[in-house]
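The values are calculated or read from the model by the stated rules, or taken from the named source; none is laboratory data. The structure presented is a predicted model; accordingly, all values stated were derived computationally and were not measured. Note: ideal-geometry Cβ built from the backbone for every residue, glycine included; neighbour counts use all protein chains shown. Areas reflect the complete protein model, heavy atoms only, side chains present, ligands, DNA and RNA absent. Shrake-Rupley method; radii C 1.70, N 1.55, O 1.52, S 1.80 Å.
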Amino acid sequence: MSDAPRQGGGTPPQGGTPAEKNTGDTHGTNDTSTTGMPPEASASPDNALPAHPDEALHDVVGAREGMFGVQGSGDTSGYGGLRTTVAMPGGSQPPYGGWFDEVAESLVNGLAEIGVSDAIEKVVVHRGEITFFIRRERLLETAQLLRDDASLRYEMCLGVSGVHYPQEQGRELHSVYHLLSMTHNRRIRLEVTCPDADPHMPSVVSVYPTNDWHERETYDFFGIIFDGHPSLTRIEMPDDWPGHPQRKDYPLGGIPVEYKGATIPPPDTRRAYN
């Protein structure tokens, strides 16, 4: 493919061929790249402007105040007046570039064959990487297909990470899966969301057994409940620990510290400097 990956809003392909593949493309099973990204993506600088302004669409998920996003207590950084918009790259339109199109086509066609063609919410190509947003009720079937399909062969899941966007209504909790195809030397990312009020999503341990402890850690720190996990218990914090420490609404906490006669209060009780 000579076309560079394009940024922009849109929805993933719902069947058929998302892009016509270049028969001269050498990026397949014989790809010797160690980065796992098409040359069009790696050759473009991260700050390159899109060809058209409407391709630079982003999804605004919230706003952050101060240096560290402190809420409900004093900002001790001295930057309490800062206001930052939290925006994520929007959906991309095909063609995505290089082998991205081959993977997207194989995945879309494979999902349609097993009757779950609605599994993909959107596809995001950003900074030379491709992410498939998957509906949580379709995660298990998608993971199974990615592992077993001969044209995909994502044999390894490198773990699951949690992310918390408290201002993204109905999609506050995200789980992110990094997949590696050792057969084709390719890397992709899956992202699944769930609401704060219903923090459930399927466990993929039955497909990727090494995710056992990763899902426990994500549950421990973010409170995402992985249904079907063989033993979903805390792995870092004590069993009776209240809350989930890596969520953005978790209090900073702390204890007063005495130093040469002076007392330093906990972070969440210090005064603001703005």
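Some values worked out for this structure:
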| item | result |
| --- | --- |
| Residue in the range 201-208 that is open to solvent by 40 Å² or more (accessible area, probe 1.4 Å) and not small (Gly, Ala, Ser) present | no |
| Subset of the range 105-136 (residues that are polar (S, T, N, Q) and in a loop (DSSP other than H, G, I, E, B)) | Ser117 |
| Boolean, Val192 is over 17 Å from the mean Cα position of the chain (by Cα), open to solvent by less than 10 Å² (accessible area, probe 1.4 Å), at negative phi and of a type outside the set (Phe, Trp, Tyr) | no |
| Considering residues of the range 127-146 that are modelled with pLDDT of 95 or more and open to solvent by 70 Å² or more (accessible area, probe 1.4 Å) only, the residue farthest from Arg247 (Cα to Cα) | Gln144 |
| Tyr165 open to solvent by less than 50 Å² (accessible area, probe 1.4 Å), among the hydroxyl-bearing types (Ser, Thr, Tyr), in contact with a Leu (Cβ under 9 Å, 6 or more places away or on another chain) and touching a residue at least 40 places away in the same chain (Cβ under 8 Å) | yes |
| Selection from the range 213-259 of residues that are on the phi > 0 side of the Ramachandran plot, exposed (fewer than 15 other Cβ atoms within 10 Å of the Cβ) and at pLDDT 75 or above | Gly228, Gly243 |
| Top-ranked residue of the range 168-189 - restricted to ones that are of a type in the set (A, V, I, L, M, F, W, C), open to solvent by less than 60 Å² (accessible area, probe 1.4 Å) and over 17 Å from Phe221 (Cβ atoms), ranked as farthest from the chain's Cα centre (by Cα) | Leu180 |
| The listed residue being hydrophobic (A, V, I, L, M, F, W, C) and assigned to a helix (DSSP H, G or I), out of Leu158, Leu139, Leu152 | Leu139 |
